[in-house]
Amino acid sequence: MHPILITIIQRLLLGLLTLFFVSIIIFSSIEFLPGDFTQAILGQAATEETVAAFRRELGLDQPAYIRYFDWIGAVLQGDFGSSFSGRNSSGVDRSRAVIDLVAPRLGNTLFLAGMAAIVSIPLSLILGITAALYRNSIYDRSVNALTLTTISFPEFFLAYLLILFFSSLWPVFPSLANVNIDTSLGERIYKCVLPALTLTLVIVAHMMRMTRAALINLLASPYIEMSQLKGISKAKVILRHALPNAWAPIATVIAFNLAYLVVGVVVVEVVFVYPGIGQLMVDSVTTRDIPVVQACVLIFATTYILLNLTADIIGIVTNPRLLHPK
Amino acid sequence: MSTERDKKGDILLEMKDIRVEGFSDERWHKIIKGIDLTLHRGQVMGLIGESGAGKSTLGLASMGFTKPGCKITSGSIFFDGQDLIKANDEEKRMLWGTKIAYVAQSAAASFNPAHRLLDQTVEASLNRNLQTKSVAEADARNLYEQLQLPDPNNIGDRYPHQVSGGQLQRMMTAMAMSPRPELIIFDEPTTALDVTTQVEVLVAMRNIVEKFNTAALYITHDLAVVAQMADVIKVLRYGHEVEEAKTREMLVSPKEDYTKSLWSVRSLEKPESPSDDFVISINNVDAAYLGGSKVLHNVNIDIPRGRTVAVVGESGSGKSTTARVITGLLQPITGSVYFNGEALPPALKDRSKEQLRRVQMIYQSADTAMNPRQTISEIVGRPLEFYHSLYGTQKQERILELLEMIELDESFYDRFPGELSGGQKQRVCIARALAADPEVIICDEVTSALDQIVQEGILQLLLRLQQEFNITYLFITHDIAVVQAISDEIVVMYQGAVVEQGLKSKIMSPPYPDYTKLLLKSVPEMDPNWLTNLVDKRD
């Protein structure tokens with residue numbers, strides 16, 4: 001088998017192991033959350049017996065390790081359990097499966113993240129490459145200054161600025177991105193323009209600057225001087241000689257920002273009233289809806305691990321020393 | 001085949017009163033201070049001088065190119081009738097890679113690790129649409145064959161890290177040759193190679209330049225190498241031209257004192273004297289680095305007292321590892337080191353201060369062997385405190401004595417290493433070793449980083465100290481000229497084993513074991529016919 005394949009399989013297994021430890025951390029940190037779902041629902045007046053009975057019904061009377069294995073065992077079979085909310089002490093169970101709560105929200109989040117990524121990744125690569133090409137020119141400085149400005153503002157501020165300009169003063173896009181399951185694709189895209197634009201402005205600077213730095217770092221290499229002395233044009237020197245050696249750091253920073261698009265966009269969701277997974281998690285934490293919180297955090301962790309794994313693999317396969325061993 | 005081609009064409013490159021400045025330490029420094037250079041079609045000119053002479057800068061300037069931070073301030077450059085000073089970047093770019101090609105010193109760093117060798121070889125030709133891809137690639141394979149690269153039809157499919165340094169260097173010559181340039185700049189192309197590899201590369205480069213009647217500037221600090229390659233030699237120093245003459249004339253009768261001094265280290269020769277009184281004996285030593293395979297195989301070396309034993313061999317032959325075993329930095333797997341007949345403890349930490357004192361080391365790079373934040377007196381004074389418990393005025397007097405021994409005056413007492421030249425730094429390192437009053441000094445490539453003249457000074461100093469204090473040297477080097485100059489005995493190493501040991505006269509004369517023969521034959525000689533004769537003998 002090709003040694004690269006072996007390395008990739010090793011990384012995948014390591015990723016799984018990491019995920020296992022993360023699941024333990026998620027479970028135990030929720031154990032340490034102050035407050036208790038049963039008391040929150042039943043209120044101060046509830047008798048000890050009612051509380052105990054309710055706890056028994058939810059399985060909260062079991063020791064932690066048993067609850068952990070029950071939970072993780074079910075998760076491995078695709079069952080994230082059912083939400084706590086919708087239940088009460090009366091014994092009427094109107095709770096919904098966690099998966100039914102989380103899945104549409106996750107879909108929405110991935111849609112918005114996808115929109116932002118499709119715009120921001122090519123944009124930051126182009127800006128980074130051109131900035132490296134014309135480094136220290138007016139263009140380079142303006143791009144740097146502009147992207148730095150957008151990253152320096154808090155994201156809610158950017159969001160409100162965009163709403164002010166594009167919904168109030170010059171009303172072309174809606175300020176509310178309240179999509180639901182019946183919204184058509186076209187309308188979805190239309191409604192998501194402003195939130196996606198906000199996210200783009202937040203992440204472009206980071207990716208663009210990393211691309212520029214990775215390229216400029218390589219421009220001092222003897223093989224770049226060699227390609228200049230071979231009469232290769234500036235643009236080709238960057239694209240053919242520098243870029244192929246710069247993918248590893250660029251992939252890392254892109255993965256990092258993609259992960260942010262999935263797990264870190266609560267504020268933007270709130271501003272645009274967008275039903276994403278971030279909001280769902282915040283709501284569930286407030287209501288102590290443990291199964292939902294656990295499912296969300298596990299999804300976030302998986303996203304991080306998968307994206308970083310992808311970046312690692314890109315780093316490996318773009319390194320000819322690893323791809324074509326002696 | 002003759003190196004000197006008399007049927008020169010018309011003028012290809014003409015540079016007049018070139019001045020180049022470089023920016024460092026917040027100000028502009030003059031690098032080239034007004035040099036004229038005229039090169040005819042098909043002519044090979046050697047540019048020679050010590051480091052800092054401006055050879056590479058001048059070579060690059062002939063393309064109208066300067067390194068970042070440098071600029072051509074005045075003068076004129078005409079290449080094939082075209083004014084390169086007036087030409088804009090685009091016009092110069094049209095010449096580079098097609099009419100003028102460049103071959104760099106470090107082939108390993110000058111090939112892009114991300115692309116196959118064949119693609120890089122033909123890149124310049126395809127870039128200008130000089131040839132179609134298939135024609136250019138077929139031609140490249142043909143060039144590989146002429147440059148005697150193994151498996152010429154397939155080697156181009158490899159990546160740079162998959163071939164050896166000598167192969168890469170020939171590959172770069174093929175890359176330069178692909179568009180059939182009028183002029184190739186060779187910038188120290190064999191400096192990073194072992195002598196045995198260097199010969200192959202020199203032969204290949206010379207043949208191909210001759211075959212296509214390409215003009216070349218051959219930049220090097222090695223006079224013997226340039227004698228094989230060039231029709232004309234230009235000697236540079238401190239950015240000025242010292243002299244220029246046809247190769248044979250220059251070798252026979254150099255005019256300037258400076259040029260004569262470039263020969264001097266090769267005329268230094270110490271008469272050998274045999275001895276059976278061994279100060280160090282290395283017995284049956286096998287050694288390996290942590291987790292690695294064996295790098296020394298059953299090494300036996302006897303070092304006679306008050307003599308110089310030179311250890312020669314190419315990189316990776318185990319020379320430095322042997323030194324590490326003697327000093328205790330590396331514990332041997334089996335075997336031991338005897339000092340005056342007593343076995344030394346294998347590990348450094350088990351050796352007594354007295355045992356440590358007797359063996360001192362001097363390193364190749366004096367720069368990194370000294371703490372840049374300590375003054376010379378602190379550097380030299382430390383072993384005086386450590387081994388001899390000298391303090392105060394006693395120590396001060398001894399430091400001044402040591403400085404005198406290494407021919408530096410007392411003004412150096414309070415100076416820092418950064419204020420010293422390369423040769424002066426190496427002298428301080430010698431003083432530091434002497435401060436311990438050692439019986440043996442191990443010199444690991446101590447002159448490799450120095451220019452010829454400075455080298456000679458250091459070698460003479462070492463010889464004088466040996467006579468005065470009866471010091472024993474173990475001299476590790478790959479430079480046969482240095483070996484000739486200072487050794488009594490020679491140890492030849494190859495792939496971690498001793499090929500032979502004996503008196504200089506014995507090793508340097510037949511019959512030779514195969515490897516010694518190859519090594520000795522590969523050392524370039526001043527004779528401009530040397531390479532030609534070597535090739536002829538082979539056929």
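The values are calculated or read from the model by the stated rules, or taken from the named source; none is laboratory data. Because the structure is a prediction, the values reported are computed rather than measured. Every residue, glycine as well, gets a Cβ built from its backbone with ideal geometry; the counts of neighbours run over all protein chains shown. When the accessible area is computed, the model is the full protein with side chains, heavy atoms only, and any ligands, DNA or RNA have been set aside. Shrake-Rupley method; radii C 1.70, N 1.55, O 1.52, S 1.80 Å.
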> Across segment B:123-148, what is the number of residues that are open to solvent by 10 Å² or more (accessible area, probe 1.4 Å) and part of a loop (DSSP other than H, G, I, E, B)?
Replying inline: 6
>> I'd like to check something: does segment B:187-197 contain any residue that is part of a helix (DSSP H, G or I), within 30 Å of B:Lys517 (Cβ to Cβ) and within 14 Å of chain A (Cβ to nearest Cβ)?
In response: no
> If the Cβ limit is 6 Å and pairs must be 6+ apart or interchain, which residue in segment A:1-20 that is under 25 Å from A:Ala301 (Cβ atoms) pairs with which residue that is open to solvent by 60 Å² or more (accessible area, probe 1.4 Å)?
Replying inline: A:Arg11/A:Asp312
>> Looking at segment A:130-153 only, could you name the residues that are open to solvent by less than 60 Å² (accessible area, probe 1.4 Å) and either at positive phi or not in a helix (DSSP H, G or I) (or both)?
In response: A:Ser137
>> For the structure I just gave you, tell me whether B:Ser110 is closer than 17 Å to B:Val201 by Cα, modelled with pLDDT under 90 and at the interface with chain A (Cβ under 9 Å from one of its Cβ atoms).
In response: no
>> Which residue is modelled with the lowest pLDDT, if the candidates are limited to segment B:2-27 and must be assigned to a strand (DSSP E or B), loosely packed, with under 14 Cβ neighbours inside 10 Å and of a type outside the set (Asp, Glu)?
In response: B:Ser24
> Out of all the residues in segment A:162-174, which are open to solvent by 50 Å² or more (accessible area, probe 1.4 Å) and either of a type in the set (S, T, N, Q) or outside the structural domain of A:Val271 (by TED's automatic domain parsing) (or both)?
Replying inline: A:Ser168
> Any idea how many residues of segment B:149-168 are open to solvent by less than 30 Å² (accessible area, probe 1.4 Å) and away from chain A (no Cβ under 13 Å)?
Replying inline: 5
>> Given the condition modelled with pLDDT under 80, of a type in the set (Gly, Ala, Ser) and surrounded by fewer than 11 Cβ atoms within 10 Å (Cβ to Cβ), answer yes or no: does some residue in segment A:20-42 qualify?
In response: yes
> Considering A:Ala255, A:Ala220, A:Ala248, A:Ala213, which residue is more than 12 Å from every other protein chain (Cβ to nearest Cβ), surrounded by fewer than 22 Cβ atoms within 10 Å (Cβ to Cβ) and either over 30 Å from A:Ala177 (Cα atoms) or in contact with a Phe, Trp or Tyr (Cβ under 7 Å, 6 or more places away or on another chain) (or both)?
Replying inline: A:Ala213
> Does A:Tyr274 meet the test of being open to solvent by 10 Å² or more (accessible area, probe 1.4 Å) and more than 15 Å from the chain's Cα centre (by Cα)?
Replying inline: no
>> For the list (1) surrounded by fewer than 17 Cβ atoms within 10 Å (Cβ to Cβ); (2) assigned to a strand (DSSP E or B); (3) aliphatic (A, V, I, L, M), I need the number of the one condition that B:Ile85 fails.
In response: (2)
>> Can you tell me which condition B:Ala107 does not meet? The list is (1) farther than 22 Å from A:Trp247 by Cα; (2) surrounded by fewer than 23 Cβ atoms within 10 Å (Cβ to Cβ), and all the others hold.
In response: (2)
> What is the residue count in segment A:175-210 for residues that are over 24 Å from the mean Cα position of the chain (by Cα) and surrounded by 17 or more Cβ atoms within 10 Å (Cβ to Cβ)?
Replying inline: 0
> Considering only segment B:464-496, how many residues are open to solvent by 30 Å² or more (accessible area, probe 1.4 Å) and outside any loop (DSSP other than H, G, I, E, B)?
Replying inline: 6
> Any idea which residue in segment B:436-463 is surrounded by the fewest Cβ atoms within 10 Å (Cβ to Cβ), counting only those that are in a loop (DSSP other than H, G, I, E, B) and modelled with pLDDT of 90 or more?
Replying inline: B:Asp437
> Considering only residues of segment B:426-451 that are under 23 Å from B:Leu390 (Cα atoms) and not aliphatic (A, V, I, L, M), which is farthest from the chain's Cα centre (by Cα)?
Replying inline: B:Asp437
